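The values are calculated or read from the model by the stated rules, or taken from the named source; none is laboratory data. None of the values given here were measured: they were computed from a predicted structure. Cβ atoms come from the backbone with ideal geometry, glycine included; neighbour counts cover every protein chain shown. Heavy atoms of the whole protein, side chains included, go into the accessibility calculation; ligands, DNA and RNA do not. Shrake-Rupley method; radii C 1.70, N 1.55, O 1.52, S 1.80 Å.
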Amino acid sequence: MAHDYTRRTATDDARWVFLPGLGRGKGNMGIEPVTAKSRPLGDGATLEYDVHFSQSGKQKLALGILPTNDVNPARGLRIGVRVDDGEMQTIDARQGYVDTFNEYTKEQSYR
């Protein structure tokens with residue numbers, strides 16, 4: 001669950017807040033203010049999760065995001081993911097999507 005983070009950092013202009021009742025569980029995390037200035041990945045407010053895999057070898061990591069407004073559809077919703085001391089991987093979720101009610105279909109949920 002998003003609110004079960006291990007560490008949370010803020011910047012002078014953005015912080016993570018708990019949003020109760022949002023999503024499928026107790027709630028989710030959201031950035032405040034939603035109009036915070038975009039920063040290079042790794043320089044903004046962060047949430048960190050300590051994850052321990054029960055198996056060795058190659059593993060898959062799945063991130064769930066809620067539908068969001070298309071603040072910057074050409075770029076998408078940037079998410080930075082780093083495992084251990086590896087390189088930061090950038091995911092552009094929703095890049096090029098148009099916000100319509102038919103957008104979030106079962107076929108598109110597991111890309």
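Assorted remarks:
- Fully extending the segment from residue 12 to residue 84, taken as 0.36 nm per residue of separation minus the present Cα-Cα distance, adds 23.3 nm.
- Positive minus negative residues near residue 33 (Lys, Arg vs Asp, Glu; Cβ under 13 Å): -1
- Multiplying the residue separation of residue 56 and residue 41 by 0.36 nm and subtracting their alpha-carbon distance yields 2.5 nm.
- Probe 1.4 Å, all protein chains present, accessible-area order of 6, 11, largest first: 6, 11
- Restricting the chymotrypsin sites (Phe, Trp or Tyr not before Pro) of the range 5-59 to loop positions (DSSP other than H, G, I, E, B) with no more than 12 neighbouring Cβ atoms within 10 Å leaves 49, 53.
- Neighbour cut-off at most 12 other Cβ (10 Å), DSSP loop, trypsin sites (Lys or Arg not before Pro), the range 15-71: 24, 37, 58, 60
- Whole-Hz couplings from phi, Karplus 6.51/-1.76/1.60, listed for the range 56-65; x for Gly and Pro: 8, x, 5, 10, 9, 10, 10, 10, x, 10
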